[in-house]
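Taking it in order: structure first as structure tokens, then the write-up.
The values are calculated or read from the model by the stated rules, or taken from the named source; none is laboratory data. Every value quoted in this text rests on a predicted model; they were computed, and no experiment measured them. Cβ placement follows ideal geometry from the backbone for every residue including glycine, while neighbour counts extend to all protein chains displayed. In case anyone asks, the SASA skips ligands and DNA or RNA and just uses the protein heavy atoms, side chains included. Shrake-Rupley method; radii C 1.70, N 1.55, O 1.52, S 1.80 Å.
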Amino acid sequence: MSDTTVLIPARLASSRLPNKPLADIAGLPMIVRVAQRVRGGLPGDVRVVVATDHTSIQHACEQHGVQSILTRADHPSGSDRLAEACELLGLPDEATVVNVQGDEPLIDPALVRAVAELLAQRPEASMSTAAHPIHDVAEFGNPNVVKVVLDARDLALYFSRAPIAWWRDGFAQGLRELPPPGEKFATPLRHIGIYAYRVGFLRQFPKLSAAPIENSEALEQLRALWHGHRIAVHITQDAPGPGVDTPEDLERVRKLFAH
């Protein structure tokens with residue numbers, strides 16, 4: 001993983017949780033918790049860098065020995081911020097960048113490593129990501145839970161907020177139970193929002209036109225599929241730890257750290 005950099009985008013503004021990256025979790029800002037957790041579980045030659053739009057976040061990182069860079073504040077998406085970070089860091093096209101969200105203080109470093117290693121093993125893919133099996137029918141029907149369907153090589157066919165793959169016969173009377181496990185039916189998979197990119201692709205991605213399916217689903221990764229790029233998917237059996245989007249999420253994570 002010597003050619004891998006983990007980038008953690010961090011915006012100060014948040015509609016549901018103001019100043020979220022600086023929220024205190026057991027005595028440290030959340031963005032520092034994320035960076036330290038990732039760095040502690042990866043080889044020493046992997047660089048972990050916070051890409052932020054605000055000097056207060058950069059100052060918090062510097063206080064705790066976390067490398068950070070200041071990016072523009074007007075980026076329309078996270079991928080634009082990542083692309084600028086690649087330029088600021090002078091990363092070569094053949095290098096790999098893993099995007100870890102700055103509100104995931106319980107992220108498993110093994111998952112970060114698995115996604116990066118998968119991309120190295122799949123030269124036909126421009127990106128890699130992760131998913132885990134869905135075992136709860138309510139989760140399967142929830143539009144806030146993003147689902148992914150794979151091909152025979154574990155490359156993504158489609159991502160959707162809708163319940164896919166649709167079990168025609170089993171769901172004829174409504175979403176009451178999931179398909180039985182086995183090879184006969186597609187296993188429902190929940191997408192996990194972690195990505196690895198080839199830097200050369202990441203530089204071009206923000207320049208690609210937005211796709212109609214991307215606009216419909218509000219899922220940026222569909223732009224890559226729309227333009228013919230492949231996304232390899234790592235399957236893990238474990239759901240990731242809870243992220244932080246709301247004050248209630250923050251309190252839940254604080255309690256986990258306290259224990």
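Applying the selection to the range 117-140, what residues are open to solvent by 30 Å² or more (accessible area, probe 1.4 Å) and either part of a helix (DSSP H, G or I) or closer than 20 Å to I213 by Cβ (or both)?
So in the range 117-140, the residues open to solvent by 30 Å² or more (accessible area, probe 1.4 Å) come out as 117, 120-124, 135-139.
If the condition is that a residue be open to solvent by 30 Å² or more (accessible area, probe 1.4 Å) and either part of a helix (DSSP H, G or I) or closer than 20 Å to I213 by Cβ (or both), then E117, A120, Q121, V137, A138, E139 are the ones that fit.
One line per residue, one yes/no per condition, for (1) farther than 21 Å from R203 by Cβ; (2) in contact with an Asp or Glu (Cβ under 9 Å, 6 or more places away or on another chain):
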site	(1), (2)
A83	no, no
V97	no, no
Q121	yes, no
E124	no, no
H132	yes, yes
F140	yes, no
D151	yes, no
Q173	yes, no
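Closer than 18 Å to L89 by Cβ, surrounded by 15 or more Cβ atoms within 10 Å (Cβ to Cβ) and of a type in the set (S, T, N, Q) - does that describe any residue in the range 27-47?
no
Of the residues C61, C86, only one is on the phi < 0 side of the Ramachandran plot and in contact (Cβ under 8 Å) with a residue 60 or more places away in the chain; which?
Answer to the selection: C86.
May I ask you to list the residues in the range 76-90 that are in contact with a Leu (Cβ under 9 Å, 6 or more places away or on another chain) and buried (at least 17 other Cβ atoms within 10 Å of the Cβ)?
S79, R81, L82, A83, A85, C86, L89
Say we look at the range 197-242 and pick out the residues that are among the hydrophobic types (A, V, I, L, M, F, W, C) and more than 18 Å from the chain's Cα centre (by Cα); which of these is most open to solvent (accessible area, probe 1.4 Å)?
First, the residues of the range 197-242 that are among the hydrophobic types (A, V, I, L, M, F, W, C): 199, 201-202, 205, 208, 210-211, 213, 218-219, 222, 224-226, 231-233, 235, 239.
Still in the running and more than 18 Å from the chain's Cα centre (by Cα): 208, 210-211, 213, 226.
Values: L208: 45, A210: 56, A211: 0, I213: 46, W226: 132 Å².
Taking the candidates together, the pick is W226.
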